[in-house]
Amino acid sequence: MRLIEYTETKENLRMIHTYQLTDLTYTGSPVSIISKSKYDLDRKPIMIIDNERLVGFFCLHLHDGPAYYGGNFDTDVLIRALSIDERYRHQHLALSAMLIVNKYVQENFANIERIILAVNHANLVAQNTYKKAGFHDSGIRTYGKLGQQFIFYKNLNL
């Protein structure tokens, strides 16, 4: 498995347009992530590639992203809209991606010391995945369109 920043190539466009994600309750689509990143250079769309297939997608959001959730503008990065293509669910791919996100962030964003994310209170599957990947509940709570969100974090310098 590898994480790659999305660039607009013919192959990547093909993979994006065949990505299967119908339930957008807790996440955003790859197309929406890419669209927002065109107008906000602090948003980095990340493809989760496994066996040369696009199996998942998320956004790394610098500066204002983590600051909105109480993080540090300069040294935190926020994970947004993690999803797994419906054809590849129940294979622990989200966990695998979150286990290697540290290395990816360290290699591509030298000043980042911590990864944070907001997870909906009702999304127990995601909470468990993040905890297994080494994220911790910060105790900070916020409210989104679906109610209470928990702010999780993972330090990179451990």
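If you fit an axis through the alpha-carbon atoms of helix 30-39 and take the longest principal axis of the Cα set of the chain, what angle between them do you get, 0 to 90°, nearest 10?
The two axes meet at around 70 degrees.
List the aspartates and glutamates whose Cα sits under 15 Å from the Cα of Lys103, skipping any in the same chain fewer than 8 residues away.
Cross-link targets: Glu5, Asp76, Glu113.
Counting only protein heavy atoms and using a 1.4 Å probe, what share of the accessible area of the chain belongs to carbon plus sulfur, as a whole percent? Write down the numbers at each step before the final one.
Values: 4230 of 8490 Å².
It is 50 percent, rounded to a whole number.
Mind giving me the nanometre distance, one decimal, between the label points for Leu24 and Lys145, set 7 Å out from Cα along Cα→Cβ?
Roughly 0.8 nm, to one decimal.
At a Förster distance of 41 Å, what's the computed FRET efficiency of Lys132 paired with Lys10, Cβ-Cβ distance as r, to 0.05?
Plugging the Cβ-Cβ distance into 1/(1 + (r/R0)^6) gives 0.70.
Between Asp74 and His121, what length in nm is gained on full extension when 0.36 nm per residue of separation is reduced by their alpha carbon distance?
Contour length minus the Cα-Cα distance gives 14.2 nm.
Given charges of +1 on the Cβ of Lys and Arg and -1 on the Cβ of Asp and Glu, with all other atoms neutral, how large is the dipole of segment 66-158 about its Cα centre, in debye to the nearest 20?
On the way: 10 positive and 7 negative charges, 58 e Å.
Result for segment 66-158 is approximately 280 debye, rounded to the nearest 20.
Could you give the alpha-carbon Rg of segment 97-158 over 2.2 N^0.38 Å, rounded to two decimals? Write down the numbers at each step before the final one.
Numbers: Rg = 12.2 Å, N = 62, 2.2 N^0.38 = 10.6 Å.
Compactness ratio reported: 1.16.
Sticking to Cα atoms, compute the Rg of the chain to one decimal and its Dmax as the biggest Cα-Cα distance, whole number, in Å.
14.6, 43
List the lysines whose Cα sits under 24 Å from the Cα of Lys38, skipping any in the same chain fewer than 8 residues away.
List returned: Lys10, Lys145.
For the chain, what is the accessible area per residue in Å², given a 1.4 Å probe and the full set of protein chains?
54 Å²
When ranked by the protection proxy of mean other Cβ atoms within 10 Å per residue, highest first, what sequence do the peptides 77-90, 144-157 form?
Going from most to least packed, we get 77-90, 144-157.
Residue by residue through segment 132-144, what is 3J(HN,Hα) from phi via Karplus (6.51 cos²θ - 1.76 cosθ + 1.60, θ = phi - 60°)? Round to whole Hz and write x for glycine and proline.
In residue order, the calculated couplings are 4, 7, x, 7, 10, 6, 7, x, 7, 10, 9, 10, x Hz.
In deg cm²/dmol and to the nearest 500, what is the mean residue ellipticity at 222 nm of the chain if only DSSP H runs of at least 4 residues count, each as -39500 (n - 2.57), divided by the residue total?
-9000 deg cm²/dmol
The values are calculated or read from the model by the stated rules, or taken from the named source; none is laboratory data. Keep in mind it's a predicted model, so treat the numbers as computed, not measured. In this analysis, Cβ positions are derived from the backbone assuming ideal geometry, glycine residues included, and neighbour counts consider all displayed protein chains. Note: areas computed on protein heavy atoms with side chains; ligands, DNA, RNA excluded. Shrake-Rupley method; radii C 1.70, N 1.55, O 1.52, S 1.80 Å.
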